[in-house]
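*Asks:* Structure below; questions to follow.
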Amino acid sequence: MPRGRKYCLEKEGFRKVLVLLMFAIQGLYAQTVFVIDQLPEHTPQGDSFFLAGIFNEWDAADTNYRFEQGADGKYYTKPKTFKDATISFLITRGSWETVETGSKGVPIVTRKLSFTNARDTVVMQVEDWSDTGFIENPVQRVTIKLVEIPENTPPDAPIYIAGNFNGWVPGDKRYRLDKAEDGTFSVQVPVYWTQLAYKFTRGNWHTVEGKAYGRPRLDRVSQIDADPYREPVVARIMHWEDQSSGLFNPYTLILILTAIQGILLILIINSYENNNRNANRILSILLFLISFVLLSRVSIYDRDVYKLFPRLSLLPDLVYFLYAPLFMVYIKRLLKTPGEKRRRLWLHFIPFALQVLVYIPLLFEPVHLFIDRGLSQLYPSTLYITIGGVALLFNMWYWFNLRFIIARYLKNVEDTYSTDQNIVYLNNIMALKAICLGLWLITYIIGAVGYAIGHDFKGLTSALVDTTWVVFSLTVYLLGYFAIKQPEIFKIHEKAEHETAKLTLNDVEIVHLKEELKNAMEADKAYLNPSLNLPELAQQINSNVHMLSRAINEGFDKNFRDFVNYYRVMDFIDRAKQGDYKNQTFLGIALDVGFNSKSSFNRSFKKITGKSPRDYFNTIE
């Protein structure tokens, strides 16, 4: 057997096992009786009535679904058992030429039913029939010409067209395309409205046309003028949904692997000793949230999974109003920044609670109504668009606030620590979030422009949404990189707190402290300690942290970091000039005098001397 064919069979087998497992979990085997209690007055006497739907491949004359007239004059089917959560169907008189319609013979959208009880009785009324209904205006017919189909189309497979002209019945034999000698296909369809909406299938919605990787495609739409439409509408099918990779494709695999890494990263971070437990506990919750919503988003890309559990499409939305507040709590606990009391933190989660309240009614409505509302992110509805727009503004507000918190921390920490703190990864994550927000904003701008000019940009906006999710998932890879390469960032030390006492210093005290500081730097060489901080230095010279900070600021006109790094740079210059250090690199000397990184050394050297180390020594040689 060819390897590709074997892989397809294995993949299809896995998918069937997965669907059967979901059937077992759901435990849904609805037994239903269908009842017709009203027929059009002009219904031909003696005709039989049938149920045609997804459950019998849209067979318009299936005797297993024939109605029998009861003593009360109504028509009944025998109890039927269905394993699907929702079904679609129509009533016929034995053929698609005699299918039920709306008033005046206009096609109706297929009936849909979601099962809520083990036993249901569905009562229906038929308004009219397609062969007996009267249409006021003549119906224009348009030729659809299919000039290309995928190479993997099964041989001799019938191709149908379903659309708003036949109630979206996928296996309507009236609209099976005829194959010409040149390999093209064509069919004529009636047009009842100015827009003709349609898709191609091979007989049911499992075999509908799609996009690459098994992704569903949007409905085809052609604008039909009032004048006769003489030219055929030319179409091409690029992919069949069931012939593509389906649930497992490059896009979903990225999300799946990211989710797995997120779970592993939780274990890695919490395995570190002496870690920042308060902050990393929140980080673990964030990672779990990301992994959870990514897996939820993957699940909606399989038609069978989505049909059984369509409400899974709501789960990715949890990230909208939950991620930003949690990330803010993580940043504040990581940086030990002063802020609101913990009992007030719940206020940040009110928008998330409101979102849940909005979604709760959707969890209890019939499944087919939920699907029709288009709440899946694949087919955004007005409600989804509104919530997403509010969420965009919500997340942008948090992004700017978090940038301010991080910038303020980096500024204040220079008054306490002599070396850089390992929080560069936060800037990388914030940059990644900025890209996500930018893509999110562009998506809404393009959607708004399309709505304003009456043009459909859903294909582009869908691609932008997918791209945004991929960029968002990179957060986990970024954290994973730093967790492995620089694990110390998850063990960030608590920023030393200054005494809050408002002490004043006179000139004599400042002079005295300046001498003590010079002695500590020049004689004791305290600056050689890479982790030197203000409390340690204050203890070393038997001083008060606040007083020492005031003495450095007022006596030397520097913050603590610049004060210490001045002595490090001077010592570096002295050593670099000596012959004993000629064979040592600049970085090696910089580490010897107390710097903890190349970037910190270069930045401080240029700030103090006005030149880079190499330019400085090239000048004096």
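The values are calculated or read from the model by the stated rules, or taken from the named source; none is laboratory data. These numbers come from a predicted model, not from an experiment. Neighbour counts are summed over all protein chains in view; Cβ atoms, including those assigned to glycine, are modelled from backbone coordinates with ideal geometry. Surface areas here come from the heavy atoms of the whole protein model, side chains and all, with no ligands, DNA or RNA. Shrake-Rupley method; radii C 1.70, N 1.55, O 1.52, S 1.80 Å.
*Asks:* Inside segment 277-368, counting only helices (runs of 4 or more DSSP H) that do not spill past its ends, which hold 1 or more residues that are crowded, with 18+ Cβ neighbours inside 10 Å and among the small types (G, A, S)?
*Replies:* Values: elements: 277-299, 303-308, 318-335, 350-359.
Of the helices (runs of 4 or more DSSP H) lying wholly inside segment 277-368, those with at least 1 residues that are crowded, with 18+ Cβ neighbours inside 10 Å and among the small types (G, A, S) span 277-299, 318-335.
*Asks:* Related question: Just one of N565, N553 is under 50 Å from the mean Cα position of the chain (by Cα), within 27 Å of V511 (Cα to Cα) and surrounded by fewer than 17 Cβ atoms within 10 Å (Cβ to Cβ); which is it? Working first, answer last.
*Replies:* Details: N565 fails: surrounded by fewer than 17 Cβ atoms within 10 Å (Cβ to Cβ).
After applying the criteria, what remains is N553.
*Asks:* Restricting the first residue to segment 448-477 and requiring it to be more than 30 Å from L287 (Cβ to Cβ), which pairs with a second residue that is of a type in the set (D, E) and not in a helix (DSSP H, G or I) meet a Cβ separation below 7 Å and a spacing of at least six or different chains?
*Replies:* Taking only residues 6 or more apart or on different chains, the pairs are G450/D456.
*Asks:* Also, quick follow-up: Residues to consider are A157, A197, A162, A180; find the one that is within 22 Å of V99 (Cα to Cα) and out of contact with any Gly (no Cβ under 7 Å at 6 or more places or on another chain). Can you show your working first?
*Replies:* On the way: A157 fails: within 22 Å of V99 (Cα to Cα); A197 fails: out of contact with any Gly (no Cβ under 7 Å at 6 or more places or on another chain); A180 fails: within 22 Å of V99 (Cα to Cα).
It is A162.
*Asks:* Now for a different question. Identify the residue in segment 176-207 that is hydroxyl-bearing (S, T, Y) and under 14 Å from S222 (Cα atoms) and, among all such residues, is least open to solvent (accessible area, probe 1.4 Å).
*Replies:* Filtering segment 176-207 for residues hydroxyl-bearing (S, T, Y) gives 184, 186, 192, 194, 198, 201, 207.
Keeping just the survivors that are under 14 Å from S222 (Cα atoms) gives 192, 194, 198.
On the way: Y192: 69, T194: 86, Y198: 8 Å².
Taking the candidates together, the pick is Y198.
*Asks:* Also, I was wondering about something else. Return the total of residues in segment 251-265 being over 17 Å from the mean Cα position of the chain (by Cα) and crowded, with 19+ Cβ neighbours inside 10 Å. Let's see the steps before the verdict.
*Replies:* Narrowing segment 251-265 to residues over 17 Å from the mean Cα position of the chain (by Cα): 263-265.
Cutting the leftovers down to crowded, with 19+ Cβ neighbours inside 10 Å gives us 265.
Final tally of qualifying residues: 1.
*Asks:* Okay, next question. Can you name the residue in segment 571-585 that is open to solvent by 60 Å² or more (accessible area, probe 1.4 Å) and in a helix (DSSP H, G or I) and is also nearest to I510 (Cα to Cα) among such residues? Explain how you work it out, then say what you get.
*Replies:* Looking only at segment 571-585, we keep the residues that are open to solvent by 60 Å² or more (accessible area, probe 1.4 Å), and these are 574, 577-578, 580, 582-585.
Still in the running and in a helix (DSSP H, G or I): 574, 577, 580.
Values: D574: 29, K577: 34, D580: 38 Å.
So, considering only residues that are open to solvent by 60 Å² or more (accessible area, probe 1.4 Å) and in a helix (DSSP H, G or I), the one nearest to I510 (Cα to Cα) is D574.
*Asks:* Report yes if S597 is open to solvent by 10 Å² or more (accessible area, probe 1.4 Å), farther than 30 Å from V508 by Cα and polar (S, T, N, Q), otherwise no.
*Replies:* Details: open to solvent by 10 Å² or more (accessible area, probe 1.4 Å): yes; farther than 30 Å from V508 by Cα: yes; polar (S, T, N, Q): yes.
Yes; evaluated as a whole, the condition is true for this residue.
*Asks:* Considering only residues of segment 110-135 that are at pLDDT below 85 and assigned to a strand (DSSP E or B), which is most open to solvent (accessible area, probe 1.4 Å)?
*Replies:* The qualifying residue most open to solvent (accessible area, probe 1.4 Å) is R119.
*Asks:* Do we find that T98 is polar (S, T, N, Q) and over 41 Å from the mean Cα position of the chain (by Cα) in this structure? Can you show your working first?
*Replies:* Numbers: polar (S, T, N, Q): yes; over 41 Å from the mean Cα position of the chain (by Cα): yes.
Yes, satisfied.
*Asks:* I've got another one for you. Of a type in the set (D, E, K, R), at pLDDT below 90 and open to solvent by 20 Å² or more (accessible area, probe 1.4 Å) - does that describe any residue in segment 154-167?
*Replies:* There is at least one residue in segment 154-167 that is of a type in the set (D, E, K, R), at pLDDT below 90 and open to solvent by 20 Å² or more (accessible area, probe 1.4 Å).
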